[in-house]
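Remarks on the structure that follows.
The values are calculated or read from the model by the stated rules, or taken from the named source; none is laboratory data. Bear in mind that the values here come from a model prediction, so they are computed numbers and not experimental data. Heads up, the Cβs are rebuilt from the backbone with ideal geometry, glycines too, and the neighbour counts pull from every protein chain shown.
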C-alpha cells in the first residue's frame, strides 16, 4: 500500500503543469534588483553614498513619469495593470521613470525613495532609468514572493527594458507579481498527493497511534511556554544580558497592553461593547500572562534586596557593582535566577503572540483604511475643545500650589505642558495624514490617524488627572479630621494600659504623629497626613490587640483595611496615568512595583471577608509599593525630559519619522515601524518597548527609543 501511494505521488509530481498565461524571454544577463537583507546601520552607510545628482523622490502617484517615456495610452495601460494587482492581491506597486541613476545602485535609489515616501509593508516600488536602461525593485522583506518569483519579475522587466518598451516593463512586473500571488497547484498533483498520502497513512496509522501519546507527553514536558523563545535562544546570554532582556520585554509588552487598551476604548466608542467583547477577552488573557511575569520580576527584586540587606547587616561593604548578577551564572542561585528570568521573557512573548494573533481581525473590525478621513476629521474637530482645557488646568494648578506643598502636586504639575505638546503633535499628524491621503497612501494615513488619536487621548488623560487631584486632595482633607479623632481615642485608650512597654512605645509614636499633623495641617499635605495617621493607628492597634476581644480587633482591622485600600486605589490610578502618559521614559522597575501593588490590592480586597488582619498586611504592602512606583516613575521621567540627548545617527531623526517630537516621544507614541521603514528589511524583534501609535498588538523596536531630542520643558517643581 505504501509503495502504491509513493507511485501515485511520483506520477502526479511528474505531470506537466498548466502553461502560464504569458512568457517573456529573459535577456542574457538580467540585472538583479531585489535588495539584500542588510542591517539598518549598513543600510544607512550605503545610502549616505547616494550621489546628489540622483536624489530619491517622494512618490505621490502610482505612476510617476519624469521623462515623458509614456504616452497617455501607455500610462493608462500601466495604471490598469497596477489596479489589477491591487484588486486581486494584498500587494500594491508604484512605478517611477527617471532619466538616470547617475551611478547609484538602482535598488538603493528605489529603496531610498520608498523610505522617503513612507510606503508600507505591502507596497513595491519599481524604478526605471530610461537613459541608463536600468531598473531597481524595492520590496519589503516579508513580501509573499519567493526568491524565484522575484527573479522572474526581474527577468520580465529586464526583457522589456532591453527593447526600450517602457510601459510593457511595468505591466509585465505587475502581471508577474499578480500571477505569482494567485498561482494555483495542479489538480492532478493535488489528487495524486491526496490519494498517495491516504494510502501511506492507512499503512502507518497503527504505528502512529501507538506512539502519539508518548510523544505528546514528552513534548508537554520539554517544550517552552507558548510563543516564547526556546531555552537555547537565551542560553548564550550572560545573566546580566538576560536580566536586561527580561526588563526590556516587560516594558515592551506593558506598553503594548496600554496601547491595546486605548485602541479598544476607541473601538468601543465607535462600535459598541458587543463588537469588541472578543478583543476584551483576548486582552485579558494577555494581561494575565503579563501580571504573572511582573510578579516573578518583583520576587527576584525582593530577593536581591533581602540579600543586600543581609550583607549590610553582616558588615559587608556591598557596592552596587558587587550585587549585580554573576556574568557566568554558574552557581545554584544564578541558575534559579536564570530560569525565572527566562520565564519572564517567555510570558512576555506569549502575551505578545496572543495580541498579535488578533491584530488583523481588530483592524478589519475598525476598517481604518476606509475610515481614515473620518478619524482625522474627528481629531481635528475635538482638538480645540481639549486645547481650551489646558489654560484651565494650568490655572487650577496655580491655585492648588498656593494651598499645598510642591511635592503634593509632583505627579500632575507637568500635565498642562505635556498635553499642549501632544495637541501640537496631534495637529501635525492630522495634516500629515491628509497629505498622504491625497496621494492614495491609505496605510500611511492610518498610522498618522492612530498617532493623532492616541496623542489626543493622552492629552485628555493628563487634563483629567489635574481635575482628579483637586478632588482627591479635598476628600483627603475631609477624611483627615476623622482619622485624627480616631487616633486620639486610641491614644486615650492606650493610657489606661500600664506596664506594657510595647503599648507605651506605640502610644508615644501616635502622639508625635498627631502633633506633627496638627502643626502641618494648614498648608500641609493631607495625603501625607493620612499616611502618617494610618501608620500610627495600625501600630497602636497591634499593640492593643491583646487588650481587646476578637470581634473588636477584627472590626478595627476591617475599618483600617477599607481606609488603606481607598488610598491605594487612588494612588494606583494616579501613578498608572503618569506611567501611561510618559511610557516612552518609564523603565521596568517602576512598572514592576506598580503591577505588584495592583496585584496585592486585589488580593487584599478579595481576602477581606475571610481574614481582615491578613488582608490588611497585603494592603499595607501595596501602599508601600505604589509609593515606591510613583517615586521611580518620576525619577525616570525627570531623566528623560531634563537630559540633553544627542540623536543616534543609526536611529534617524524626528523629522525623518514624522510628528513625534516632545509630547509624542515622551508619551511613547511613535509612527508604525512598517511606515518608518528601512531598505528591504528583515523582521525586527517585536518585544522591546511600547508602541503608542501601532494599534492592537505588538511592541516597538527598542532602537526607536533613541529618536531625537526631548525638550527640557518639565517644571522645576516636578523634578
Single condition residue 435 does not satisfy, out of (1) closer than 30 Å to residue 696 by Cα; (2) modelled with pLDDT of 90 or more; (3) crowded, with 19+ Cβ neighbours inside 10 Å: (3)
Any idea which of (1) part of a helix (DSSP H, G or I); (2) exposed (fewer than 13 other Cβ atoms within 10 Å of the Cβ); (3) modelled with pLDDT of 80 or more is the one residue 3 doesn't satisfy? (3)
All-but-one check, residue 360 against (1) under 20 Å from the mean Cα position of the chain (by Cα); (2) in contact (Cβ under 8 Å) with a residue 24 or more places away in the chain, failing number (2)
Could you list, in sequence order, the residues of the stretch 162-201 that are in a loop (DSSP other than H, G, I, E, B), modelled with pLDDT under 50 and surrounded by 13 or more Cβ atoms within 10 Å (Cβ to Cβ)? 186
Modelled with pLDDT of 80 or more and over 27 Å from the mean Cα position of the chain (by Cα): which single residue out of 346, 381 fits that description? 381
Consider residue 552 against the criteria (1) over 19 Å from residue 631 (Cα atoms); (2) surrounded by fewer than 22 Cβ atoms within 10 Å (Cβ to Cβ); (3) in contact (Cβ under 8 Å) with a residue 24 or more places away in the chain: it satisfies all of them except one. Which criterion is unmet? (3)
Residue that is touching a strand residue (DSSP E or B) at 6+ places or on another chain (Cβ under 8 Å) and either free of Cβ contacts under 8 Å to residues at least 12 places away in the same chain or not in a helix (DSSP H, G or I) (or both), where the choices are 153, 128: 128
Residue that is in contact with a helix residue (DSSP H, G or I) (Cβ under 8 Å, 6 or more places away or on another chain) and more than 23 Å from residue 407 (Cβ to Cβ), where the choices are 495, 521, 532: 495
Considering only residues that are buried (at least 19 other Cβ atoms within 10 Å of the Cβ) and closer than 13 Å to residue 477 by Cα, look in the stretch 511-524 and name the one that is modelled with the lowest pLDDT. 524
Going residue by residue through the stretch 452-465, is there one that turns out to be touching a helix residue (DSSP H, G or I) at 6+ places or on another chain (Cβ under 9 Å), more than 25 Å from residue 526 (Cβ to Cβ) and not in a helix (DSSP H, G or I)? no
From 160, 148, 174, residue being out of contact with any strand residue (DSSP E or B) (no Cβ under 6 Å at 6 or more places or on another chain) and touching a residue at least 12 places away in the same chain (Cβ under 8 Å): 160
Of all residues being under 20 Å from residue 117 (Cβ atoms) and touching a residue at least 40 places away in the same chain (Cβ under 8 Å) in the stretch 71-80, which is farthest from the chain's Cα centre (by Cα)? Just the residue, please. 75
Given the criterion over 30 Å from residue 666 (Cβ atoms) and part of a helix (DSSP H, G or I), identify the matching residue among 573, 502, 567. 502
Being buried (at least 21 other Cβ atoms within 10 Å of the Cβ) and over 30 Å from residue 446 (Cβ atoms) narrows 333, 346, 372 down to just 346
Which residues, counting only those in the stretch 81-98, are out of contact with any helix residue (DSSP H, G or I) (no Cβ under 7 Å at 6 or more places or on another chain) and over 17 Å from residue 157 (Cα atoms)? 83, 86, 87, 90
Which ones in the stretch 84-114 are part of a helix (DSSP H, G or I) and surrounded by fewer than 21 Cβ atoms within 10 Å (Cβ to Cβ)? 84, 86, 87, 88
When (1) in contact (Cβ under 8 Å) with a residue 60 or more places away in the chain; (2) surrounded by fewer than 21 Cβ atoms within 10 Å (Cβ to Cβ); (3) part of a helix (DSSP H, G or I) are applied to residue 440, the one that fails is (3)
